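Colleague: Below is a structure I'd like to ask you about.
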């Protein structure tokens with residue numbers, strides 16, 4: 001079902017608009033699952049480790065969602081700039097690949 005929604009909602013040059021919220025929900029769900037596993041393993045619900053896991057996950061979920069959203073915006077702006085450059089008759093600059101060693 002996710003694949004069908006991806007193909008229906010996505011334009012050929014980008015990612016779907018609902019992707020950032022899906023990433024945030026996925027991280028939050030994983031965090032709650034890990035928290036429940038820790039509680040099931042014998043930890044008290046709000047002892048140090050489960051509280052850190054739950055709090056850290058609740059902080060990371062919106063950060064990951066925001067990161068995906070900003071990456072989408074940057075990609076859309078770069079595509080817009082390339083389109084304007086093409087309309088003006090200039091070739092887009094070459095983008096260098098990251099040098100990972």
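Any read-out appearing in this document is the output of simple, stated calculations on the displayed coordinates, not a laboratory observation. Remember, it's a predicted structure, so these values are computed and weren't measured experimentally. Heads up, the Cβs are rebuilt from the backbone with ideal geometry, glycines too, and the neighbour counts pull from every protein chain shown.
Colleague: Can you work out the FRET efficiency for the pair residue 73 and residue 4, with r the C-beta to C-beta distance and R0 = 22 Å, to the nearest 0.05? Walk me through the intermediate numbers first.
Modeller: Working: r = 25 Å, r/R0 = 1.14.
For R0 = 22 Å, the calculated efficiency reads 0.30.
Colleague: For segment 17-88, what is the relative contact order in percent, using Cα pairs closer than 8 Å and at least 6 residues apart in sequence? Before the final figure, lay out the partial values.
Modeller: Details: 43 pairs, mean separation 31.7, N = 72.
Relative contact order for segment 17-88 comes out at 44 percent.
Colleague: Stokes-Einstein D for segment 17-88 at 4 °C, 1.567 mPa s, Kirkwood Rh over Cα pairs, in µm²/s? Present the calculation step by step, with values, prior to reporting the outcome.
Modeller: Working: Rh = 14.2 Å.
The Stokes-Einstein estimate is 91 µm²/s.
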